[in-house]
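These notes concern the structure reproduced below.
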Amino acid sequence: MRITPRRTFGAVAFIAVFSSAVFAQEPPLKSITYRLSMSRPVSHLFEVSILIELPDQLKDKPLQLQMARWSPGRYGVFDFAKNVQEVRAAADGTARPVTRVNDQTWSVSPLGVTKLTFSYKVFGNDLSGTFSQLNQRHANYNGGSIFMYVVDHKRDPVKLEISAPAGWKIVNGRTERLGQTEWQFPNWDIMIDTPTEIAPDWTQDDFEVDGKKFHVVVHSLSPEDGKRPALVKDIEKIVRAEVAMWGPPEFQEYTFLIHFAADDHSGDGMEHLTSTQIIQPGALGDRGTYENTLGTVAHEFFHVWNVKRLRPEELGPWDFTRPLATRGLWIAEGFTNYYGHLMLRRAGLWDDQKFLDREAETIRGIESAQGSQFMNAEESSLSAPFIDGSPQAQTTNLQNTTISYYPKGELIGMVMDLLVRGRTAGKSSLDDVMRAMYEEFYLKSPNSSYYLRGRGYQTEDLERLASRRSGVDLGDFFKRHIRDVEVLPYDEAFAYVGLRLVKTQAKEPFNAGLSIQVAVIENVWNNSPAEDAGLQAGDQILSLAGKAVSKDSWMKTLARFKTGDSVPITVKRDRQTIKTNIVLGQPERFDYRIEEKADATAEQKSLRAKWLTRS
Ligand SMILES: [Zn+2]
Ligand SMILES: [Zn+2]
């Protein structure tokens, strides 16, 4: 997944509990057929029927169906069951009783029959990489949010039949021909790995790379300003750069499913085995939207290898009755963030400076986050259910105590890549290590489950394989910078390629210790001037230094003051007006820049060119 850049966010350390999901060895059901229809798009209600044929030996057992609590790629717990309504069962033309067992499970007694129809409606009005949307413009669904699975039979083959409104066309990453309405999937997990778009007016452009077919399906809910042909060409450049690193992908066809939502809020990217679902909040013609789309494409397509096939052990098959617990998301998502940026450089869409500036910005984010002092990369991964798009009903201190495994893992990937390149004088790289991981765990390991080829890795496997492959002992690096919170060795890493990291005082001459959204305090840093002044997140700022402020103007207002000045602030909290003073602290904010070292050698420059332009 890729989240649109925002404040680093993140959570509390806790101990990893590794659950091994229990997959019962009951005989498979004779058939499971999902029928999806949408007779009334304006209601946002998807209609799902599941036709189940039981073998004789199971016809007297109660059958349970379950809605997942979350779905792969986004690890917040959403409880999709909350949008389910009108659950029914029928057999031999007669209604059968359905009992709700718990928040996510329904049970039906087959009462001696071998054929049963189970049906329900599910509300969906979010265009996203996790949820689903049905309205008068289209249906776009992610299967985890609408399809229940039969408990103990998630591994059984399933069939899907879609009945679309007249004139609407169906497309997904497993579409083989135009007009297709039925699909066969080896199991439920693969069915929900296949997000689907149904609308009268999406477009499709195709290209081929090394004999593999790529489809760019675009549903624009706003004008494109003629930019689509160029977008398709640039997507092809990204595909070529990533295939150049990994080698040919395993599939024959792949689909980029892209929405330009034009609603100014829906933005997402989600990886799948043979497709990606990408949603941009603006129009293709808007400034910045084109570049953001390419950024998401570079990230999601890299997941074809890293995450979807080469994966941490806990990433599939999943137990959807409890949140995910894996220590590996700094590799799965963080390395993908790093390579997403590097691939834009290697594809020729960015120049060296743009790439270096982007990494310097990530360094600024991580090194100025309070959570960097408390949370290491593996704890961050374990905290994913709290921080990955998770709803927060309870007030939390997560903004000050956590970091995201996206930027943290991105920097670990970059520094590790440079250390390996530097210490081996260019003979090895993280590219080699990732290819070796893919070969060992995905291509060569015996299948560990029904779900997918190969088996997953533990973070110790990367440590072992990276050290063995490169001849560089990375044990100390993992101990200090991945399993502990020590600042990454940027100086050593950049010096190998003739660069240096320059840290400068940020332009504001004070530290206030807060961030503001729409004149409401979004966060108060711990042990900061704002906290000393008694301010809290949620306080509405009525005035600062006697002036009304907005999200954009408060820094300008404070810029008239300096460290030690006492600035009056009036806030509203719980119907009370509170007047207090912020005593501005020593400046603590820094900017970072990566620049060429004055004494960079020819060898270092050559190593840098190899890093940035070739794999
Ligand atoms: Zn991702
Ligand atoms: Zn659509």
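Data overview
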quantity: Residue that is nearest to residue 300 (Cα to Cα) [pool: residues in region 73-91 that are touching a helix residue (DSSP H, G or I) at 6+ places or on another chain (Cβ under 7 Å) and within 16 Å of ligand 1 (Cβ to nearest atom)]; calculated: 75
quantity: Strands (runs of 3 or more DSSP E) (entirely within region 121-216) containing at least 1 residues that are aromatic (Phe, Trp, Tyr) and at pLDDT 95 or above; calculated: 139-141, 182-185, 203-209
quantity: Residue ID - nearest to ligand 2 (Cβ to nearest atom), chosen from residues in region 256-285 that are out of contact with any Leu (no Cβ under 7 Å at 6 or more places or on another chain) and within 15 Å of residue 190 (Cα to Cα); calculated: 270
quantity: Among the residues listed as 464, 455, the single one being farther than 30 Å from residue 158 by Cβ, open to solvent by 20 Å² or more (accessible area, probe 1.4 Å) and modelled with pLDDT of 95 or more; calculated: 464
quantity: Top-ranked residue in region 392-411 [being out of contact with any strand residue (DSSP E or B) (no Cβ under 8 Å at 6 or more places or on another chain) and surrounded by fewer than 24 Cβ atoms within 10 Å (Cβ to Cβ); ranked as nearest to residue 489 (Cα to Cα)]; calculated: 401
quantity: Selected residue (only one of 424, 362 is free of Cβ contacts under 8 Å to residues at least 60 places away in the same chain and more than 18 Å from the chain's Cα centre (by Cα)); calculated: 424
quantity: Residue in region 257-278 that is nearest to ligand 1 (Cβ to nearest atom), counting only those that are in a strand (DSSP E or B) and farther than 16 Å from residue 73 by Cβ; calculated: 258
quantity: Enumeration of residues in region 111-144 that are among the aliphatic types (A, V, I, L, M) and either more than 19 Å from residue 193 (Cβ to Cβ) or within 13 Å of ligand 2 (Cβ to nearest atom) (or both); calculated: 111, 113, 116, 127, 134, 139
quantity: Hey, residue 294 farther than 25 Å from residue 456 by Cα, within 16 Å of ligand 1 (Cβ to nearest atom) and touching a residue at least 60 places away in the same chain (Cβ under 8 Å) or not; calculated: yes
quantity: Near pairs, Cβ below 9 angstrom, 6+ apart or cross-chain, from region 225-254 (more than 21 Å from residue 437 (Cβ to Cβ) and assigned to a loop (DSSP other than H, G, I, E, B)) to any residue that is open to solvent by 50 Å² or more (accessible area, probe 1.4 Å) and of a type outside the set (A, V, I, L, M, F, W, C); calculated: 225/286; 252/211; 252/213
quantity: Segments classed as strands (runs of 3 or more DSSP E), wholly inside region 59-112, with at least 3 members that are touching a strand residue (DSSP E or B) at 6+ places or on another chain (Cβ under 6 Å) and touching a residue at least 40 places away in the same chain (Cβ under 8 Å); calculated: 63-66, 105-108
quantity: Matching residues, region 484-510, being part of a loop (DSSP other than H, G, I, E, B) and of a type in the set (Ser, Thr, Tyr); calculated: 496
quantity: Residue within region 162-169 that is free of Cβ contacts under 8 Å to residues at least 12 places away in the same chain and either open to solvent by 10 Å² or more (accessible area, probe 1.4 Å) or under 18 Å from residue 47 (Cβ atoms) (or both) present; calculated: yes
quantity: Positions within region 1-42 being more than 16 Å from ligand 2 (Cβ to nearest atom), at pLDDT 90 or above, open to solvent by 30 Å² or more (accessible area, probe 1.4 Å) and closer than 24 Å to residue 120 by Cβ, in sequence order; calculated: 28, 30, 31, 35, 37, 39, 40
quantity: Selected residue (only one of 399, 394, 373, 353 is among the polar types (S, T, N, Q) and within 25 Å of residue 270 (Cα to Cα)); calculated: 399
quantity: Selected residue [open to solvent by less than 20 Å² (accessible area, probe 1.4 Å) and within 16 Å of ligand 1 (Cβ to nearest atom)] from 301, 251; calculated: 301
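Matching residues to (1) more than 15 Å from ligand 2 (Cβ to nearest atom); (2) surrounded by 18 or more Cβ atoms within 10 Å (Cβ to Cβ):
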site	(1), (2)
176	yes, no
181	yes, no
186	yes, no
190	yes, yes
204	no, no
208	yes, no
225	yes, no
229	yes, no
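Okay, residues lined up against (1) open to solvent by less than 10 Å² (accessible area, probe 1.4 Å); (2) of a type in the set (A, V, I, L, M); (3) in contact with a His (Cβ under 8 Å, 6 or more places away or on another chain):
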{"residue": "322", "(1), (2), (3)": "no, no, no"}
{"residue": "334", "(1), (2), (3)": "yes, no, no"}
{"residue": "342", "(1), (2), (3)": "yes, yes, no"}
{"residue": "350", "(1), (2), (3)": "no, no, yes"}
{"residue": "357", "(1), (2), (3)": "no, no, no"}
{"residue": "366", "(1), (2), (3)": "yes, yes, no"}
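The values are calculated or read from the model by the stated rules, or taken from the named source; none is laboratory data. On a predicted model such as this, the values are computed, not experimentally measured, just so you know. Virtual Cβ from ideal backbone geometry, glycine too; neighbours counted across all protein chains shown. SASA here: full protein model, heavy atoms, side chains in, ligands and nucleic acids out. Shrake-Rupley method; radii C 1.70, N 1.55, O 1.52, S 1.80 Å.
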